[in-house]
Amino acid sequence: MGLVQDIAQSMRPQQWTKNLLVFAAILFAGKAGDTEAVGEVLVGFAAFCLLSSAAYLLNDSLDAAQDRQHPEKRHRPIAAGRIPVYEGILLALFFALLGLAMSYFITWDFFVTALLYLILTTAYSLWLKHIVILDVLAVSLGYVLRAVAGAAAISVEISPWLIICTLLLTLFLALAKRRGELVQLEAGAVDYRKILDEYSPQLLDQMIAVVTASTVVAYCLYTVDERTLQVVGTQNLVYTVPLVIYAIFRYLYLMHEKKLGDHPDQLLLTDGPLLLTVALYAAAVAVILYFIP
């Protein structure tokens, strides 16, 4: 049972919430009431959970020595030595193949997107995470591929605005994570993640400022765009803009004033006001798209 628990912990199920982006396309395409489409996306979500777990296992296996320098990550099963590195790599391969097998039975486009995601995450673990700026862009592109996969699962054309907004928002979170790691680990940051030597809080603050403004502007333009009106049949999404602005500002507040931000997945699930805002946003979009004529 101890080994099963260690494997489950290494799969990081608490981070599977990131794969909820697979549902974005079906929500904004107005197909959330289509049971067949929902079934396809649910299978796609499960496939991406396996693929992302494969990426986590590979990354933990390759970074075991560095993770031992981190106050929290040193307790992970692979870093702590409870799962040998070679077993972690074998488990990563197993879950990757299982995720790809599931993807193959959804749609061909979904399978290709899933394969690209796997290639990207592998490249990140082996190479991209060591290159300044490309490291955070690679993380963001992983989220974009999740959103693209969601559209591929139900065979709809993905909105360019969804791609842009996803890229900008997740780039914001990735940069905030780098800043949180720098602030939390201070002098020991480079021992844990060498790429942090290429960043400074000041540089990251400037990047975050640019991405924050770009995210808000891009979302505002999306809500009033002509294509949005044609696809979703309403421009009432503009009324969700205050929720988006509040969520971003709340995150900035937590990052700067509470010294949080190095665990965005946990922060989104543990901060009450932020969690409530996300829930209100999802409810508002559902009401606007499905209940308001």
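Values as computed for the structure displayed
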read-out	value
Residue under evaluation Gly30, criteria (1) free of Cβ contacts under 8 Å to residues at least 40 places away in the same chain; (2) assigned to a loop (DSSP other than H, G, I, E, B), criterion not met	(1)
Output for the stretch 32-53, where each listed residue is under 19 Å from Leu145 (Cα atoms) and of a type in the set (D, E, K, R)	Glu40
Residues located in the stretch 14-44, provided they are under 13 Å from the mean Cα position of the chain (by Cα) and not aliphatic (A, V, I, L, M)	Gln14, Gln15, Trp16, Thr17, Lys18, Asn19, Phe23
Failed item, numbered, when Ile89 is tested on (1) in contact with a Leu (Cβ under 8 Å, 6 or more places away or on another chain); (2) part of a helix (DSSP H, G or I); (3) closer than 30 Å to Phe291 by Cβ	(3)
Residue among Gly188, Gly150, Gly180 that alone is at pLDDT 90 or above and either buried (at least 20 other Cβ atoms within 10 Å of the Cβ) or not in a loop (DSSP other than H, G, I, E, B) (or both)	Gly150
Residue in the stretch 129-142 that is at pLDDT 95 or above, farther than 15 Å from Leu196 by Cα, surrounded by 19 or more Cβ atoms within 10 Å (Cβ to Cβ) and more than 12 Å from the chain's Cα centre (by Cα) present	no
Residue list for the stretch 252-277, restricted to those being free of Cβ contacts under 8 Å to residues at least 40 places away in the same chain and either hydrophobic (A, V, I, L, M, F, W, C) or touching a helix residue (DSSP H, G or I) at 6+ places or on another chain (Cβ under 8 Å) (or both)	Leu254, Leu267, Asp271, Pro273, Leu274, Leu275, Leu276, Thr277
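The rows are residues; the columns are (1) out of contact with any Asp or Glu (no Cβ under 7 Å at 6 or more places or on another chain); (2) free of Cβ contacts under 8 Å to residues at least 40 places away in the same chain; (3) of a type in the set (Ser, Thr, Tyr); (4) not assigned by TED's automatic domain parsing to the domain that holds Arg74.
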{"residue": "Phe105", "(1), (2), (3), (4)": "yes, no, no, no"}
{"residue": "Leu116", "(1), (2), (3), (4)": "yes, yes, no, no"}
{"residue": "Leu120", "(1), (2), (3), (4)": "yes, yes, no, no"}
{"residue": "Tyr143", "(1), (2), (3), (4)": "yes, no, yes, no"}
{"residue": "Arg146", "(1), (2), (3), (4)": "yes, no, no, no"}
{"residue": "Cys165", "(1), (2), (3), (4)": "yes, no, no, yes"}
{"residue": "Leu203", "(1), (2), (3), (4)": "yes, yes, no, yes"}
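The values are calculated or read from the model by the stated rules, or taken from the named source; none is laboratory data. Values in this document were obtained by computation on a predicted structure and should not be read as measured data. Don't worry about glycine lacking a Cβ; one is built from the backbone with ideal geometry, like all the others, and counts go over all protein chains shown.
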